[in-house]
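Read the structure below first, then the notes.
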Amino acid sequence: MEKHKKDRIIFIDLVRAFAVLMMVQGHTVDSLLNDQYRTFDSLAFNFWFFMRGLTAPIFLFSAGTVFTYLLRLNKNPFKENDRVKKGFKRFLLLLGLGYLLRYPTPYLVYFGDVSDLQWKTFFTVDVLHLIAFGLLFTLFCSYIAERFKIRDRIIFPAAAFLFFALYPAVSQIDWASFLPLPIAGYFYQGTGSLFPLFPWVGYVLAGAFLGSYLADNPGIFKTRKFSVSLFSIGLLLIGLAFIGDAFEMAFYGQSTLWTTSPNLIAFRLGLVLIINSIFSVLAIRIEKIPSLVVQIGRNTLPIYVVHLIILYGSAWSVGLYYFFAHSFNVSNTLLTAVLMLTLMITMVQGVQVVKVRIRKRKLAPERT
């Protein structure tokens with residue numbers, strides 16, 4: 001059992017490390033690169049922009065995978081599963097951090113100087129809010145599955161499909177016209193929200209399905225069959241996306257593949273599965289990956305929070321964006337991105353060194 005557990009953690013951590021490092025460089029480049037270099041005539045910018053669009057789906061998918069994998073490893077009933085309680089605590093932590101990062105004033109209880117724009121920014125739904133509610137919906141689906149004896153292979157894909165399928169309709173509603181702004185922001189981008197629940201929670205729930213499958217099939221990802229299956233399903237989804245786009249062109253005379261179309265969701269999810277299949281192959285071939293890579297995968301939250309504060313600041317500090325927003329040339333932008341990645345990796349390594357030293361000090365009296 002321990003061997004299988006270790007193997008699965010290697011596979012998942014590779015994906016998580018890749019996702020968070022992609023997010024760090026994506027935010028850095030997007031905040032600093034001068035607008036004159038943001039041209040789709042550039043092959044390099046096209047590739048960067050394409051990969052940036054995949055970062056969030058990979059990050060969300062891996063979050064759902066890890067959470068549900070740990071949840072389903074514990075075979076106790078829902079109310080007796082200690083992972084459920086930890087899940088609720090994680091929900092509150094992520095939600096609190098999400099709002100704290102956008103806190104509108106340096107004063108904890110005085111809001112007299114807060115402008116309408118600052119309030120709007122504060123209520124913007126970002127990836128931490130989204131993951132928080134994604135985990136909450138995962139717990140809800142787990143409870144429903146147990147209560148009504150529905151298998152994970154049905155409940156999680158069905159819930160994910162619901163969030164994906166309703167997206168085109170939900171995105172067209174002006175939710176702010178009849179809901180308070182703090183609530184409306186969770187439903188559509190018209191409030192400035194980057195990650196409304198529809199369709200983005202769907203990626204978390206899709207990852208939950210994979211996490212449940214891994215927990216129920218110890219060591220399965222070490223087989224070629226698993227990698228091939230992930231790759232094949234990914235290709236199928238991409239194929240369906242392009243077929244759906246062709247139908248759109250034939251019946252409506254236009255393509256919405258890169259906007260609000262469900263075809264874009266299928267395309268992204270397909271690519272996410274293919275990327276997961278690639279990392280599962282790497283996990284088969286690599287007997288032992290560097291511990292630093294594992295630690296990066298396990299410390300995605302502090303990496304995410306710290307790099308955002310450095311870039312965009314907080315209510316109590318200013319970030320690089322304040323001084324250099326969209327002002328760097330390509331060379332300076334790439335250099336800054338490399339420095340940011342190096343800083344985040346060094347931070348993780350430093351924290352790990354401190355943890356090891358603390359652990360050794362605790363063990364020292366026992367040895368004497």
Of LYS86/LYS288; LYS86/LYS222; LYS79/LYS225, which sit over 31 Å apart, Cα to Cα? LYS79/LYS225
Which whole-number percentage describes the relative contact order of the range 132-257, with Cα contacts under 8 Å and a sequence gap of 6 or more? 22
The chain - charge dipole about Cα centre, Lys and Arg +1 at Cβ, Asp and Glu -1, debye rounded to 20: 2120
For Rg and Dmax of the Cα atoms in Å the list reads (1) 21.5, 79; (2) 20.8, 60; (3) 18.9, 56; the calculated value is entry (1)
Taking only DSSP H segments of four or more residues, each worth -39500 (n - 2.57), what value at 222 nm results for the chain once the sum is divided by all its residues, to the nearest 500 deg cm²/dmol? -24500 deg cm²/dmol
For the chain, what relative contact order do you get, as a whole percent, if you take Cα pairs closer than 8 Å and at least 6 residues apart? 28
Which helices of the chain meet both criteria: a Cα extent of 30 Å or more along the helical axis and a mean Kyte-Doolittle score no lower than -1.0, with helices taken as whole DSSP H segments? 2-32, 43-73, 224-252, 262-285, 330-367
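A short reminder: the numbers here are calculations on the coordinates, not readings from a lab. A quick note: this is a predicted structure, and the numbers were derived from the prediction, not measured. Ideal geometry is used to build each Cβ from the backbone, glycine not excepted, and the neighbour counts take in all protein chains shown.
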